[in-house]
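Inspection log for the structure reproduced underneath, given as structure tokens.
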Amino acid sequence: MPITTSKDGTKIAYQTRGDGPLGVVLVHGWSCTGSTWNRMLDQLPTEGRAFVQIDLRGHGGSAAEGLEHTVERYAEDITAAATAAGFDKFITVGHSMGGKYARHIRVIAGDRLLGQVAVAPTPSCCVEEEADEETIARMASNAGNVEAMMGVLAYITNGALSEEIARPLAVEAATITGEVLAASMRAFAREDVTAELVAAGEAPPTIVIGCADDPLYSPATLKARIPIENPKAKLSIIRSGHDPLHEAPAELAALIDNFLSDIDAAAK
């Protein structure tokens, strides 16, 4: 797995699929790694596209302790992986907290963005129900516990995933340390970066993909945030809980494929 260096010196691992020229960086959510995109990517055409699956700091091949976990640092990880993959300009596809971190590239390197796909994204504001230390400590205590992570998956997907699909995800989630689980939650739940987004000016073409049965970020929540975060973003809804990458990979792949095709056509 290739390794690059983020702005603060943190080593960031990533894997690639396809050979471009359209560059796409896929950004995972909480307790995941870049490999969480594999099931959906298997149904997404790769011709003319290069996909980068990043392991954010502290996760997977980028595992390390004592790191700084902030929205900006995560956004720097994403741009570092894009640069290492040879992308001057690129598209991001971010899920959950990955959507919030990818969105922040508008603040630190907006001129490099061709477009953004936000899948069940964490809002740019503080998420109060996930921000208190008791909740963070409880979620971080699941570190190393596969069965506890199975319970988390069952909650966010409304029990929609089979054992065959869910267990490997839980095993992967259990490899992430409690320190990183807690620090990443503090970043996505406590940091309000809305003012910085607004100050960054016009956003690139964006599609927000909401999930009809999402217990975390409902379609109504996403719809309310769009006028604040990106008034020109388009909202699409699919039937899924919070993890459409595994609950509805074909439907998700179709929406992303159409968006990438539109961006590619507009660039030619």
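Here is how the numbers come out for the structure above:
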{"quantity": "Every pair of residues 6+ apart whose Cβ atoms lie under 7 Å, when the first sits in region 149-168 and is at positive phi while the second is surrounded by fewer than 20 Cβ atoms within 10 Å (Cβ to Cβ) and at pLDDT 95 or above", "calculated": "Asn158/Asp213; Asn158/Pro215"}
{"quantity": "Glu251 vs. criteria over 19 Å from Ser124 (Cα atoms) and at pLDDT 95 or above", "calculated": "yes"}
{"quantity": "In region 213-268, residue farthest from Glu47 (Cα to Cα) [restricted to those that are of a type in the set (Ser, Thr, Tyr) and in contact with a helix residue (DSSP H, G or I) (Cβ under 7 Å, 6 or more places away or on another chain)]", "calculated": "Ser240"}
{"quantity": "Region 100-127 - residue that is among the charged types (D, E, K, R) and free of Cβ contacts under 8 Å to residues at least 40 places away in the same chain and, of those, farthest from Ser261 (Cα to Cα)", "calculated": "Asp111"}
{"quantity": "Of all residues in region 241-268 being part of a loop (DSSP other than H, G, I, E, B) and more than 24 Å from Thr194 (Cα to Cα), the one that is most open to solvent (accessible area, probe 1.4 Å)", "calculated": "Lys268"}
{"quantity": "Number of positions in region 227-240 that are in contact with a Leu (Cβ under 7 Å, 6 or more places away or on another chain) and surrounded by 18 or more Cβ atoms within 10 Å (Cβ to Cβ)", "calculated": "2"}
{"quantity": "Residues of region 150-176 classified as over 20 Å from Pro215 (Cβ atoms) and of a type in the set (Val, Ile, Thr), total", "calculated": "3"}
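The values are calculated or read from the model by the stated rules, or taken from the named source; none is laboratory data. All values reported here derive from a predicted model rather than from experimental measurement. Here the Cβ is made from the backbone with ideal geometry for all residues, glycine too, and neighbour counts use every protein chain on show. Calculation scope for accessible area: heavy atoms of the full protein, side chains included, ligands and nucleic acids excluded. Shrake-Rupley method; radii C 1.70, N 1.55, O 1.52, S 1.80 Å.
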